[in-house]
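The values are calculated or read from the model by the stated rules, or taken from the named source; none is laboratory data. Not measured: the values here are computed from a predicted model. With ideal geometry, Cβ positions are generated from the backbone for all residues, glycine too; neighbour counts draw on all protein chains shown.
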Amino acid sequence: MWKTVKVIVEGKEAKLNALFDSGSRFTVMGYTTLRDRFGEVSIKLLPKPIEAVLINGQKVKIYGFVDSMIIIEEYDYIIADRIYISKDIVKEVVVQGRIVRLPDLIIGAPTMETWGIELSLEKGDIIVRGSFIL
């Protein structure tokens, strides 16, 4: 499910197109998106980069993370979570000769489970069951 969310990193805010992806094992953003939307922020490096595979089969290296607040304004809902960073995630891909824009942020299953967010295929939307309301 796609949603526009407000993300705050080190006091800097940006609206991002987010994909809530129950198949993803982590919440991740591309390095380019991080720099374009938030400027210079501190990335905490992992002791060793981790290789991961996105749902489309793309292999990426996760080398660090930022701590963030993710606000789903439509529901007045706030999440405090870690966003992993990869330099391998691109903004666009070509699919059958067509340019397709990828999400700015992929919100993975652990984040959704921790914060009480579910996907409703019937409604084509998310359901917020948590208790951290603005």
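Going residue by residue through the stretch 70-81, is there one that turns out to be farther than 22 Å from W115 by Cα and of a type in the set (D, E)? Within the stretch 70-81 (the criterion being farther than 22 Å from W115 by Cα and of a type in the set (D, E)), the answer is no, since none of the residues qualifies.
Among the residues of the stretch 82-134 satisfying the criterion of being of a type in the set (S, T, N, Q) and in a strand (DSSP E or B), which is surrounded by the most Cβ atoms within 10 Å (Cβ to Cβ)? Residue satisfying both the conditions and the ranking: S86. Taken over the stretch 15-41, residues that are without any contact (Cβ under 8 Å) to a residue 40 or more places away in the chain and either within 26 Å of I126 (Cβ to Cβ) or in contact with an Asp or Glu (Cβ under 7 Å, 6 or more places away or on another chain) (or both) amount to 4. Selection of the stretch 3-59 for residues being over 15 Å from S86 (Cβ atoms), crowded, with 18+ Cβ neighbours inside 10 Å and either of a type in the set (V, I, T) or out of contact with any strand residue (DSSP E or B) (no Cβ under 7 Å at 6 or more places or on another chain) (or both) yields V5, V7, V9.
Only one entry in G124, G97, G116 is more than 18 Å from E13 (Cβ to Cβ), modelled with pLDDT of 90 or more and of a type outside the set (A, V, I, L, M), namely G116.
Please pick out the residue among I72, I79 that is surrounded by 18 or more Cβ atoms within 10 Å (Cβ to Cβ), in contact with a Lys or Arg (Cβ under 9 Å, 6 or more places away or on another chain), of a type in the set (A, V, I, L, M) and touching a residue at least 24 places away in the same chain (Cβ under 8 Å).
Selected residue: I72, the only one of I72, I79 that is surrounded by 18 or more Cβ atoms within 10 Å (Cβ to Cβ), in contact with a Lys or Arg (Cβ under 9 Å, 6 or more places away or on another chain), of a type in the set (A, V, I, L, M) and touching a residue at least 24 places away in the same chain (Cβ under 8 Å).
For the stretch 71-81, the condition of being closer than 25 Å to V128 by Cα, acidic (D, E) and over 16 Å from the mean Cα position of the chain (by Cα) holds for at least one residue.
Scanning the stretch 60-69 for residues that are of a type outside the set (S, T, N, Q) and either assigned to a loop (DSSP other than H, G, I, E, B) or buried (at least 16 other Cβ atoms within 10 Å of the Cβ) (or both) gives V60, I62, Y63, G64, F65, V66.
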